[in-house]
Structure formats: C-alpha cells, structure tokens
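Worksheet: the structure to be examined is printed underneath.
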Amino acid sequence: MSLLIKQVLLEDQITDILIEGKYIKRIAPHIDPPEGAEILSGRDKAAIPGFINTHTHAAMTLFRGYGDDLPLMEWLQDYIWPVEAKMTEHDVYVGAKLACLEMLRSGTTCFLDMYMYPMETARAVEELGLRAHLSYTLFDQGGAERAALDRKRSYEYYEAFKGLSDRVTFTLGPHAIYTVSGEQLQFCHRFAVEHDVKINLHLAETKGEVDDCIRLHGTTPVRYLHQLGILSPHLVIAHVVWVDDEEMDLLAEHGVSVVHNPASNMKLCSGYTFKYEEMKRRGIKLGIGTDGCSSSNNLDMVIAMKLASLLGKAWRFSPTATKAADIYHSATVGGAEILGLKAGKIAEGMLADLSLVDLNVPELVPLNNLTSNLVYATSGSSCVDTVIIDGVIRMRHRHVPGQEQIIAEAREVADRLFGRK
Ligand SMILES: [Zn+2]
C-alpha cells in the first residue's frame, strides 16, 4: 500500500512525500504516483512529524474537570482514588479510547502511558491505530503481597503484549519512590535490562517528595536511585522539578531520560523551575508530556509546548530561554529518541507518523515562522487536519472513524462513575 502526498509544505519547501508501507520512502519536488497509490492533496497544508507525548495516563480523560482546584491530598483521597476503585477494565478501555481520539485530533501519534489494565489501553490504541508504550502501574506501598502480585503481572503483561502489533510496546511503570519499595525498583531495573524495556517512573515531582526521601533514605530522589543502582538508559522519569546540578550530572552520566509536564506541575503547584537548559546542555534526552487529564485537563501537545516554553522564560526572567524550536524538538525528535523510535521527523527511511496541518486556520496566518506559530499561536485540535500513523490515514479531514460512538460511550461511563445515573 502506498500513499503519495502531493505538493505539501515541508519546512520551507513545497514537495511530494511518498509513503510505502509504514515508512517514508521518498521526498522530492515531484514524484510520479506508483500504481495503485492513494493520492492526498497537500494544498494549503504543512506536513509535520507526529507529536510524541512522553507522559500521560490515557484513561484519566474520564476525570477531566472532576475535583479541580483542590489541595493534592484532598483531591487524591476524596475524589480520584474513590472513583478509581470503582473503575472496571471496560471503563479503562473507554477512557483510553477517548484519549486516543483526542490525541489523534491534536496531532499526537505516539504516547508513553502509565495506568492499571494496560491491555485495555492497548486494545484502544490498536483500534484507533496509534503507537504507544504502555506501562503497568506497580504500586505496592511497602506491602509484600501487592509487590509479589505486581511482579507476577509484569511478567504476564510482558508476555501478553507479544501478541499485539508492533505499534504497542510494554514498559514497566513503578508509580513513584514513595509508593514502590526500593527492592521493587531494583526488580524493575533487572527486568528492564533482561527484557530490554523501558521503566516509566514519576520522580522529584514535589518538594514534599524530596523531603520525605531525605527523611526515609537519607538522600535526595536521584541519589537514592543511584544508590539502588537503577539509573540507566532504560529509565524515563517524569516531572523532575526538584534536582540539583550533581543529580543532573548523574542522570546524564547514566543516560536517563526526562519528561517535562508543564501543565500538571503548574496546576498541582508541584514546582515550576524545570531546568530545561541545564539538562539539554548535559545531553539528557528531553521529552514533553501532558500528564493525565485529571491534572492537565487535555492531551494537546501543542498547548503543552506553549506552556513549557512560556514557563521556562517566566521563572528565569529570560525571553531567550526554552526557545520554540527547542521545545518543538523535544515534543517530536526528543520523544522518539526516548522511546527508541525511528520517528519524530519527516525524512526518507523514517516511520510514516505525521500530520497535515491546515494552513488556512487564522492562527497560522501569516506564515512568517511555522514552528513559532505551532508552539505559540495555535492548538493541535484546531489546526491538525489529517493524521497518518504507520503509513495509514487514521484521521482524514478531522474525522476519525467511530468518533461519535467513542464520545457517547465516554459520557455514559463517566455518568455512571460519578453517580449521575
Ligand atoms: Zn503522571
């Protein structure tokens, strides 16, 4: 199956892009259509790489707008946890489908997730055609029974994911250092090395986490992981707001990747001094995440890019910090590097994971600088017209097959979970 995009804007050139199977085969000013190829007009469109959301909790779309503007512990204990306890596998599937729909409609082609029932999220991903790295959440809180169950399930999910398409990859998801024991984190490390999978962990998110870590383990979160011997290129850590120079040196030295979640950090008041420049200078792989919809309220990576860039400038009092091009790089190439994907840019030989952006939306006019317009002016949900993943059109002119049903089912599940029915 081949797909030929005719006369589309790619960076600053009008060009043709030929996709064969799942890869970008050729990019040239004029390509004759191969026999049987589908032709897609690129008129008034720009081709951009699909965004890679390197930290989210897809099924939490169902919590959007529920329990906003509350202190963290009150929000978790009185709102989120009681409802999560009622969630079924089907609810996770429905919530993940809503998330996939929202991601497609805002130009995200791949995401790194952490949640319960990852097979259900996988099913949603398979059906909507995205690419995803999905973590099973390990959450033992020091309990030996749950820890043993989590280890058993990690093996079971790892095996079960082998039956899925190559768009879906299993990762380990120890929740955080305050909910998972050190021994369990070391288990994750051994598992990741043995099976060559990623470990997805929240780390150094709040000042309270750092203080507790010092109290319990006598040192700060990154140093604690170093002592456990689990800093490695397998590890992807989200938030990382509270780190010092020496800790960033350790992360760089051990090839650990870091994901910035500006909306969540601001909304939950976790901290705002994410050290993008310091980490970039050290060569740490940096991604951008939205986090889940209970703490960022949407999954739009374009909005996340704007927040990341503005926040970085604001706390440093420096308009030259966190430049649009750098943040755009993290949301595309950076994410692909973290997940080890041949994606993140549109070039021959790369995976055909890309979007066509409608250049006629007002916020993209005039086109003095596409990257600037994308990061600062628009939102993904208003400008992304067509999305191609793995060489297949998954959204065409803003329509995703089955979208009406996905929305209706999500409403129904949310009504039940929140006692409206
Ligand atoms: Zn998170």
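The values are calculated or read from the model by the stated rules, or taken from the named source; none is laboratory data. Not measured: the values here are computed from a predicted model. For neighbour counting, all protein chains shown are included, and Cβ atoms are generated from backbone atoms with ideal geometry for every residue, glycine included. Quick note on the areas: whole protein, heavy atoms, side chains included, nothing else; ligands and nucleic acids left out. Shrake-Rupley method; radii C 1.70, N 1.55, O 1.52, S 1.80 Å.
With a 1.4 Å probe and all protein chains left in place, how much accessible area per residue does the chain have, in Å²? Mind dumping the intermediate values first?
Details: 16960 Å² over 421 residues.
Spelled out: the 1.4 Å probe surface of the chain, per residue, equals 40 Å².
With 0.36 nm allotted per residue and the present C-alpha distance subtracted, the Phe418-Ile39 stretch has 131.9 nm of extension available.
If Lys and Arg each add +1 and Asp and Glu each add -1, what is the summed charge of the other residues whose beta carbon sits under 14 Å from the beta carbon of Ser309? Overall, the nearby charge balance is +3. Computed from the C-beta positions of Glu363 and His195, the FRET efficiency with R₀ = 41 Å rounds to 0.40. The label-point distance for Lys152 and Val392, in a model that sets each label 7 Å from Cα toward Cβ, rounds to 3.5 nm.
Ranked highest first by average number of other Cβ atoms within 10 Å, how do 336-342, 112-118 line up?
Working: 336-342: 19.0, 112-118: 24.4.
Order by mean packing, descending: 112-118, 336-342.
All other residues whose Cβ lies under 11 angstrom from that of Lys45 are scored, Lys and Arg at +1 and Asp and Glu at -1, for a net of -1. P(r) for the chain, from all Cα pairs and a bin width of 20 Å, is 27, 59, 14, 0 %, short bins first. Calculated FRET efficiency, Ile214 to Ala28, Cβ-Cβ distance, R0 = 41 Å: about 0.10 to the nearest 0.05.
Per-residue counts of other Cβ atoms within 10 Å, averaged by peptide: what ranking do you get for 236-247, 254-265, 15-26, 209-220, highest first?
Numbers: 236-247: 21.5, 254-265: 25.2, 15-26: 19.3, 209-220: 15.5.
Packing proxy ranking, top to bottom: 254-265, 236-247, 15-26, 209-220.
Here the accessible area is traced with a 1.4 Å probe on the protein chains. For segment 51-339, carbon and sulfur cover 54 percent of it. In terms of the mean number of neighbouring beta-carbon atoms within 10 Å, the peptides 57-68, 94-105 order highest first as 94-105, 57-68.
Fully extending the segment from Leu72 to Gln13 would add 16.5 nm, taking 0.36 nm per residue of separation and subtracting the current Cα-Cα distance.
What is the sum of charges, Lys and Arg at +1 and Asp and Glu at -1, for the other residues whose Cβ falls under 15 Å from the Cβ of Asp69?
Details: positive: Arg64, Lys267; negative: Asp68, Glu74, Asp78.
Once all neighbours under 15 Å are counted, the net charge is -1.
The C-alpha atoms of the chain define a longest principal axis, and helix 301-316 lies at about 60 degrees to it. Given R₀ = 35 Å, FRET efficiency for Asp245-Glu126 by Cβ-Cβ distance, to 0.05? It comes to 0.20. Sorting His226, His397 on solvent-accessible area from highest to lowest, probe radius 1.4 Å, gives His397, His226.
Which loop-located GluC sites (Glu not before Pro) does segment 21-81 contain, where loop means any DSSP state but H, G, I, E or B and the Cβ has at most 11 other Cβ atoms within 10 Å? Provide the component values of the computation, followed by the final result.
Numbers: sites: Glu35, Glu38, Glu74; in loops: Glu35.
For GluC sites (Glu not before Pro) across segment 21-81 that sit outside H, G, I, E and B with at most 11 neighbouring Cβ atoms in 10 Å, the list reads Glu35.
Summarising the strand pairing of the chain, around 45 percent of its internal DSSP beta bridges are antiparallel.
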